[in-house]
Structure formats: structure tokens, C-alpha cells
Amino acid sequence: MCEAEESPSAGAMSRPPRVAMLGGTFDPVHLGHLRSAVELRMQLGLDRVHMIPAHVPPHRAAPGVSSAERLAMLRAGIGDTPGLYADDRELRRKGPSYSADTLQSLREEYGREARLSMVVGHDAFLKLADWHDPEALFAQAHVVVIARPDHTAPLPPALQELIAGREVQSPEALFETPQGRLMQLALPSRLAVSATAIRRWLGRGESVRYLLPEAVLSHIARGGLYRDA
Ligand code: ATP
């Protein structure tokens, strides 16, 4: 592990913690998720990125692979990557895995001054106004949106209303306050990798090499996962 990766960014000791949540089904976790988390940490000077598998995703059909298995793949994929953390808190809660509840629990853990961000890809962002209690998301956290090359649709009117007056253009402006703002980011790599495509290829017995960490590939092969996807 290299020292530059491990140490918090300059000034981190004297400022409130900067923490992000990257939730998802991670069915399975892939390099699009992991590389985004690493680049996000560098661009925003984050102390920690909590990657949180949804136990019972409220906005989509139940994944064919259990949450325990998806968490195990996430752990394997993260390995010892500095600053990334496979967080099982949604697996420890009953009922639908609402992000508003998860953010509340992170807020309780890190305190009122922490700069807490919820990170979503552009595809997930487009549906944000339909999530459970969307105002509560901004009451607990900033929302950071990552551009995805294969998702470029315009924002629906309800979303435009939800985010009105919240958007900022720089990390400094974002972190002036603990929560409530929105920032859209085009990260350097912008990998066009999706779990849907990976499941499809695996289901057909085709190669997904170099789209997932080796450790995740081994886990999938050992468990015979996604063969009937
Ligand atoms: P699926 O294809 O099954 O919808 P996915 O690849 O989009 O899966 P999710 O687990 O649904 O993965 O994604 C979790 C979060 O990560 C979402 O906010 C999603 O937009 C984002 N994300 C997924 N893939 C990428 C990628 N390649 N680059 C940036 N963000 C991504």
C-alpha cells in the first residue's frame, strides 16, 4: 500500500471528516464502481468511501444473488484499497433499504459537522425524485453525481425541482456546509462497465476478464454464480 494513498489529504486533521456513501446492488461489483470510488476519493479529498450493498433494493427487482454473497464479492474486490470500506449496515436492517435511513445512520456515526455525500451514477440520479423521501437525502447529505458515458438523458422536471438552487461547481463550495448541495462530476476514467452487461456475458458463458477484480472473478467461479443470468 503506498503512503500517498494511505494518508488523508493535506489539512484533513484540522477539518471535519469528509465521508461518502456509494450504495448499489453490486450484483456484482465491477471496475466501474471501484475505479469511480478511488477517483472520487482523490478529487474530493475524502477520508472514507462507504460502499454499501442494498439488502432489499426498494427501486428494482430483487437481485438473483443474495446480499451476503454480494457483500462478500465487494469485500474481495476492495481488498486493502485505502479509504474504501465494504459496509454491511443495510444487511443488518430489516425491510426496504432506504438510502435516507442509511444516511441517517452515517450522520449519527460521524456527527453534525461531518461533510457527508451520497454518490450516485447519472442513471441512478435520473430517478432520484422517485426515491423514498428525496428531501430527506438532502437533509442528511450532499448528492454527488458521477457522469456515465452510456447514460446521458436529460433531467426530468420533478428532479429539476428537487435540486433547484443546490448545485455547486467545486469541492470547496460543496464542503462549505455539511449537507444539502449537489455536484456533478466527470471523473477521469468514466468506464462504460455495467453489472447488467457482466451478468449477461456470464450467463452466456462469455469472458468478463478485466472488467472485475481477479478476486471477484474467482469468487464468481468458485460459487458458480450468474450461470443462468
Ligand atoms: P446494473 O447494470 O445491474 O443496474 P450497475 O452496474 O449500474 O448495475 P449498481 O450496483 O446498480 O451497478 O450501481 C451502484 C451505483 O454505482 C449507482 O449509483 C450506479 O449509477 C453507479 N455505477 C455503476 N456503474 C458505474 C460506472 N461504470 N461508472 C460510474 N458509476 C457507476
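The values are calculated or read from the model by the stated rules, or taken from the named source; none is laboratory data. Being a predicted model, the structure only gives us computed values, none of them experimental. Every residue, glycine as well, gets a Cβ built from its backbone with ideal geometry; the counts of neighbours run over all protein chains shown. We work out accessible area using only protein heavy atoms, side chains counted, and drop any ligands, DNA or RNA first. Shrake-Rupley method; radii C 1.70, N 1.55, O 1.52, S 1.80 Å.
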Length gained when the stretch residue 166-residue 152 is fully extended (0.36 nm per residue, less Cα-Cα span): 3.0 nm
Only Lys, Arg (+1) and Asp, Glu (-1) charged, at Cβ; the chain dipole about Cα centre in debye: 480
Cα shape, segment 125-181, gyration tensor, a/c 1.5 rule: oblate
Å² of accessible area per residue within segment 70-177, as computed with a 1.4 Å probe and no ligands counted: 47
For segment 69-136, size of Cβ-based charge dipole, Lys and Arg +1, Asp and Glu -1, in debye: 120
Cα shape, segment 4-120, gyration tensor, a/c 1.5 rule: oblate
Built amide H within the under 5 Å cut-off of residue 121, gap 5+: 146
For segment 14-192, alpha-carbon Rg relative to the globular expectation (2.2 N^0.38 Å, N residues): 0.96
Rough spin-label spacing in nm, given labels placed 7 Å along Cα→Cβ, for residue 215 and residue 196: 2.9
Contour minus Cα-Cα distance for residue 185 and residue 135 (0.36 nm per residue): 15.9 nm
Total formal charge among the other residues, if their Cβ is under 11 angstrom from that of residue 156, Lys/Arg +1 and Asp/Glu -1: -1
Sparsely packed trypsin sites (Lys or Arg not before Pro) within segment 90-140, loop by DSSP, other Cβ within 10 Å at most 10: 92, 94, 112
Carbon + sulfur, % of accessible area of segment 14-192 - ligands and nucleic acids excluded, 1.4 Å: 50
Residue range of the chain that is longest and free of GluC sites (Glu not before Pro) which are both DSSP loop and sparsely packed (at most 12 other C-beta within 10 Å): 1-112
